[in-house]
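Accompanying notes for the structure given below.
The values are calculated or read from the model by the stated rules, or taken from the named source; none is laboratory data. Model, not experiment: these values are computed from the prediction. Every residue, glycine among them, receives a Cβ derived from its backbone with ideal geometry; neighbour counts consider all protein chains shown. Ligands, DNA and RNA are stripped out before the accessible areas are found, and what is left, the full protein with its side chains, is counted by its heavy atoms. Shrake-Rupley method; radii C 1.70, N 1.55, O 1.52, S 1.80 Å.
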Amino acid sequence: MKSLLFQLILVPFVILNFVNNVNAGITSRFVREEWPSVDIPLDHEVFAVPKGYNAPQQVHITQGNYDGNAVIISWVTFDEPGSSKVQYGKSDKNYEFSAEGKMTNYTFYKYNSGYIHHVLVDGLEYDTKYYYKIGDGDSAREFWFQTPPMIGPDVPYKFGIIGDLGQTYNSLSTLEHYMESGAQSVLFVGDLSYADRYKYNDVGIRWDSWGRFVEKSTAYQPWIWSAGNHEIEDMPYMNEVTPFKSYLHRYPTPYLASKSSSPMWYAIRRASAHIIVLSSYSPFVKYTPQCKWLEEELNRVDRKKTPWLILLVHVPIYNSNEAHFMEGESMRAVFEEWFTHHKVDVIFSGHVHAYERSYRISNIRYNVSSGERFPVPDESAPVYITVGDGGNQEGLAGKFRDPQPDYSAFREASYGHSTLEIMNRTHAHYHWNRNDDGKKVAIDSFVLNNLYWSSNVRERKLKRHYLNGMRMIAS
């Protein structure tokens, strides 16, 4: 009997001791022989304009509703508006259905955008391949996409994670390597085209080139968008001061489906994941719309239906690179306690042009008058991962802070992308892949345990041991 009681006391001690003793972090010694961080010339084949009068270009899709059985299909025409119509069906060239959307355009300095079409295609069957056709006459183009499986706790699904992509040769390497990964959808953590690195009409031109650059992926699978600082485009010298003007015209999000008041922050459910997108560059302190919405959305999460809680935000909450150090501190102070309370599994960010992964840590015990002043291991906290290494023209952020903080598990200044393959409700496989001189090399990987289900399993086991012990004592 004494032995059993000792075990009941020992088990939680071992668990807490394990959580609070993490291994020393690793700073990779790899030094990349860097390709030039310059944008690919506009006459390169990756930016080729589709042939034909008024041919649709810059085709991309994103999730169109809360639960994944809808898509928003977007494209641009230049010669004339044409129709905002999508024909689609479940077999090649047999288009049984059609959907109508809307067209918009905008000006930026003296640049006039093409005619931008957005069409919501809803009422789709889950786990089904659909073929679709857009455009008119001989210039019409055909593509396909696969809907996700129906929402469920043990539904496997593989996401890619890309950030700060741009349109350099390094960007091309990242995109091509991602397309070989077998992932089914991209979680994009902000900074798309880097068109704001240009001036005057070239800003709009580089948005167009980027849309054609990524089309070979975005036309066939949904990219889940979030905005970064390079989408702000505050350029008073051109009399352009409307934040996110180009981005919001070109890249829609299903924000209304999650009761958000802004396309800058929203949520979706896909397969077994609940994904929340936040905006680093919209007000988020107490009483603001984004803050109130996040509190409500976190309370809507049902871990019995979607066990995996994933968050996307451009600016890293934890970052040990000299670049953008502590820029996420204000959001951390506002939201970190919520992240741990709701057991967010992982938070993906960009912004810093390097890769870094944290341990599960939090700094919620500190306030301005008391408490521990440093992040400590926390079994309820997310893993924070920075993947701002897509390949843009600003180059790598090669200077990490020394010594490496205790919260940092692995860091390397290289280009690449990540994948998160959800296996079931309890665990997922994560990989970060480096672009090594044009080759994809798997560098950092681990098994991500689901916080909600792993803690519940542990609690049930402890409760079972406790109840069995009480029965033995009573007998």
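Listed values, structure above:
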quantity: Pair Asp402, Glu296: separation of 7 Å Cα→Cβ label points (nm); calculated: 5.0 nm
quantity: Set of aspartates and glutamates near Lys343 by C-alpha distance (under 16 Å), chain-local residues within fewer than 8 positions excluded; calculated: Glu295, Glu296, Glu297, Asp302, Asp378, Glu379, Glu459
quantity: Amide H contacts of Ile361 (H built 1.01 Å from N, under 5 Å, at least 5 apart or other chain); calculated: Asp378
quantity: Extension gain (nm, one decimal) between Met423 and Val368, 0.36 nm per residue minus Cα-Cα; calculated: 15.7 nm
quantity: Per residue value of the accessible surface for the chain (all protein chains in place, 1.4 Å probe), Å²; calculated: 43 Å²
quantity: Links that overshoot a 23 Å alpha carbon limit, given the list Lys90/Lys305; Lys110/Lys133; Lys133/Lys216; Lys51/Lys90; Lys110/Lys216; calculated: Lys90/Lys305; Lys110/Lys133; Lys51/Lys90; Lys110/Lys216
quantity: Diffusion constant of the stretch 118-225 at 37 °C, which comes from Stokes-Einstein with the Kirkwood Cα-pair radius and 0.692 mPa s, µm²/s; calculated: 208 µm²/s
quantity: For the chain, projected area of the alpha-carbon convex hull averaged over all directions, nm²; calculated: 25.8 nm²
quantity: Surface share of carbon and sulfur [accessible, 1.4 angstrom probe, percent] for the stretch 227-379; calculated: 54 percent
quantity: Net charge contributed by nearby residues that have their C-beta within less than 10 Å of His353 (K/R +1, D/E -1); calculated: -4
quantity: Computed label-point distance, nm, for sites Ile205 and Lys305 using a 7 Å Cα→Cβ extension; calculated: 4.9 nm
quantity: Solvent-accessible area, 1.4 Å probe, carbon plus sulfur percent, for the stretch 107-220; calculated: 45 percent
quantity: CD proxy at 222 nm, helix term only [per DSSP H run n ≥ 4: -39500 (n - 2.57); per residue of the chain; nearest 500]; calculated: -7000 deg cm²/dmol
quantity: Share antiparallel - DSSP beta bridges, the stretch 268-394, percent rounded to 5; calculated: 40 percent
quantity: The stretch 382-458, accessible surface, carbon-and-sulfur percent (1.4 angstrom probe); calculated: 47 percent
